[in-house]
Amino acid sequence: MHFTSEQRLGDGVLERAFTLGEVPGILWTPEPATGPVPLILLGHPGGLPKMYPRLAARARHSVADGYAAATIELPGSGDRPRLPAVDAARADLRRALAAGEPVGDDVVDRLVLPLVDQAVPEWRATLDALLELPGIDGPVGFAGGVIAVAVRLAVVEPRISAAVLFAGSYVPRSIIEEARQVTTPLLVLLQWDDEGNDRQLALDLFDAFGTGEKTLHANTGGHTGVPAFEGDDGSRFFARHLK
């Protein structure tokens, strides 16, 4: 892990950009350090420059709650090399949605599975590096999307102790089957009127999760309309499992 820049955001938050191999990311930590703190990994749909304002706001909330927070760029997004097959699948998805047609399983598989296969090892390598830094310790939480990436990560990564998941992206049926192996406590946020999401698939995924502790919060509104109070509910959820 190589730190490339740092800035102080105020409110006791230190932000540092880093690269891990070819993967860019950002780490937010309390300043001054008060001893080892738990870590929350912030998932997102890709494009760090575009997502930065929302990610920084979420990170500041996490640091205020007593955690470090970190994110990395999704494969094929931002300044990372494009993934032509994934871009083609995304174009097929948009054409189907624009035409009011159902989105086929083949399109979802071609769009999501390559991202899952590449992103999950990158997240695990990032977690290895972050937990070696002074001032950061377990337990570890995950918050955000892409939800299919989070499902695979929860299955293979025992260091994830709890997760708040955003049900806002299409999910391959093979990932729904993998979800039966998830035992991590979950809080899942679903926007009921999300124009870019298959609501029934999201409900099928929630039903498939094998964990004994799972909660679904469904709110009216579109993809970016998650109510602000869900941040407070997420804080209480992480406080139960990470502190």
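For this structure, a couple of remarks:
- Checking the stated criteria, V103 turns out not to satisfy the condition of being under 18 Å from H241 (Cα atoms) and touching an Asp or Glu at 6+ places or on another chain (Cβ under 9 Å).
- Qualifying residue in the range 4-27 (condition: charged (D, E, K, R) and in a helix (DSSP H, G or I)): no
- Residues that are in contact (Cβ under 8 Å) with a residue 60 or more places away in the chain and assigned to a strand (DSSP E or B) do not occur anywhere in the range 169-182.
- Single unsatisfied condition, V156 versus (1) touching a residue at least 24 places away in the same chain (Cβ under 8 Å); (2) within 27 Å of P49 (Cβ to Cβ); (3) surrounded by fewer than 21 Cβ atoms within 10 Å (Cβ to Cβ): (2)
- A162 meets the conditions (1) among the small types (G, A, S); (2) crowded, with 19+ Cβ neighbours inside 10 Å; (3) in contact with a His (Cβ under 8 Å, 6 or more places away or on another chain); (4) at pLDDT below 95 in every case but one. The failed one is (4).
- Some residue of the range 132-142 being surrounded by 22 or more Cβ atoms within 10 Å (Cβ to Cβ), in contact with a Phe, Trp or Tyr (Cβ under 9 Å, 6 or more places away or on another chain) and either of a type in the set (A, V, I, L, M) or in a helix (DSSP H, G or I) (or both): no
- Residue count for the range 76-113, restricted to those that are farther than 25 Å from L20 by Cα and not in a helix (DSSP H, G or I): 6
Results for (1) under 19 Å from R94 (Cβ atoms); (2) surrounded by fewer than 15 Cβ atoms within 10 Å (Cβ to Cβ); (3) hydroxyl-bearing (S, T, Y), shown as yes or no for each residue.
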{"residue": "Y170", "(1), (2), (3)": "yes, no, yes"}
{"residue": "T183", "(1), (2), (3)": "no, yes, yes"}
{"residue": "L187", "(1), (2), (3)": "no, no, no"}
{"residue": "W192", "(1), (2), (3)": "no, yes, no"}
{"residue": "Q200", "(1), (2), (3)": "no, yes, no"}
{"residue": "F206", "(1), (2), (3)": "no, no, no"}
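- Within the range 57-75, the residues that satisfy the criterion of being part of a helix (DSSP H, G or I) and more than 13 Å from G144 (Cβ to Cβ) are R60, V63, A64.
- In the range 152-168, the residues that are in a helix (DSSP H, G or I) and either touching a strand residue (DSSP E or B) at 6+ places or on another chain (Cβ under 8 Å) or farther than 18 Å from L74 by Cβ (or both): L153, A154, V155
- Residue that is surrounded by the fewest Cβ atoms within 10 Å (Cβ to Cβ), among those in the range 68-112 that are within 30 Å of G35 (Cβ to Cβ) and in contact with a helix residue (DSSP H, G or I) (Cβ under 7 Å, 6 or more places away or on another chain): E73
- In the set (1) out of contact with any helix residue (DSSP H, G or I) (no Cβ under 9 Å at 6 or more places or on another chain); (2) of a type in the set (G, A, S); (3) in a helix (DSSP H, G or I), A148 fails one condition alone, (1).
The values are calculated or read from the model by the stated rules, or taken from the named source; none is laboratory data. Given the structure is predicted, the values throughout are model-derived calculations rather than measurements. FYI the Cβ positions are ideal-geometry reconstructions off the backbone, even for glycines, and counts take in every protein chain you see.
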